[in-house]
Amino acid sequence: MGMSVPGWLGGLVEESFFVGCESHESRRKNEKNIFCLDCCTSICPHCVPLHPHHPLLQVRRYVYNDVVRLDDLEKLIDCSYVQPYTINSAKVIFLKPRPQSRPFKGSGNICLTCDRILQEPFHFCCLSCKVDHVMLQGEDLSSILFRYDESEFAFTHFENLRMDGSDVTEDDVIGQITPNSILEDPLHYNSCSGSSQPATRSHHRRGSEVSDLPKRKKGGSFFPQIVLSLGGNRRKGAPHRSPLA
């Protein structure tokens, strides 16, 4: 990350989340699953009183990967062309590239930064890949950043997260993560409201398109589902013995 990257953005994609908080080692539910946009650091729910009136971003977890809800992230940065996923009916975006077992070989739509296979019409698999690409192209990051309303990032807006040690983690309620079956136009992922305004440009609402997409396999690629019939339900006939001589 270069010096032109805002502190909060560099911290968000570089910080470690869901590790124990050193300041609250003796407390339950002390995982760092909150990012302070003012201090540019990850904190746990018990740290919140030390960050009064600071804008806070809730980070969620799915299979050892950090994700943020699209509704929250698009108030901060232009998320167009970043492939979202659906968790419990909510769209989320990965903060960092996920590990790949092998590089993708063949034709298809892939991430412009890490070559992960994507759905059309997306170009990036995560927020970090888009930021890296914009910088490699020599573009000004201010063109994709937004002025945000700090009141929209209050701790009181967080879901399934309390400071009494009885919070429900996202892994406890997530059953499945799948690619969106309904893909909106990539130019219209910003739905900022209130005083949030683009830094240098505005976005216009366009239509949405619907496509039936196959499920993502564990390896990250999309293939038609193959059902193998092994004859497990076939009943065997009665055994026949040879007649006695």
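Every number in this text was worked out from the coordinates using simple rules, so none of it is lab data. Values in this document were obtained by computation on a predicted structure and should not be read as measured data. With ideal geometry, Cβ positions are generated from the backbone for all residues, glycine too; neighbour counts draw on all protein chains shown.
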Note down, for region 1-140, the three equivalent ellipsoid semi-axes (square root of 5 times each alpha carbon gyration tensor eigenvalue), biggest first, whole angstrom.
28, 17, 14
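List, in the order given, every pair from Lys32/Lys96; Lys29/Lys96; Lys75/Lys96 whose Cα-Cα distance in the structure shown is over 22 Å.
Lys29/Lys96
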Per residue of region 23-32, in order, report the coupling 6.51 cos²θ - 1.76 cosθ + 1.60 (Karplus, θ = phi - 60°) as ³J(HN,Hα) in whole Hz, putting x for Gly and Pro.
7, 9, 4, 8, 9, 6, 6, 9, 6, 7
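Is the shape of region 92-132 best called rounded, prolate or oblate, per the rule: a/c under 1.5 gives rounded, else a/b larger than b/c gives prolate, else oblate, with a ≥ b ≥ c the square roots of the Cα gyration tensor eigenvalues?
Oblate.
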Most packed first (mean Cβ within 10 Å per residue), the peptides 153-159, 114-120 order as 114-120, 153-159
Where N is the number of residues in region 62-153, Cα Rg divided by 2.2 N^0.38 Å
1.13
Quick calc: nm separation of the 7 Å Cα→Cβ label points for Asn88 and Ser16 -> 2.6 nm
Amide hydrogen neighbours beyond the local backbone of Ile110, cut-off 5 Å, H modeled:
Leu118
A correct Karplus calculation of ³J(HN,Hα) over region 140-149, with 6.51 cos²θ - 1.76 cosθ + 1.60, θ = phi - 60°, whole Hz and x for Gly and Pro, returns 7, 5, 4, 6, 10, 9, 10, 7, 10, 8
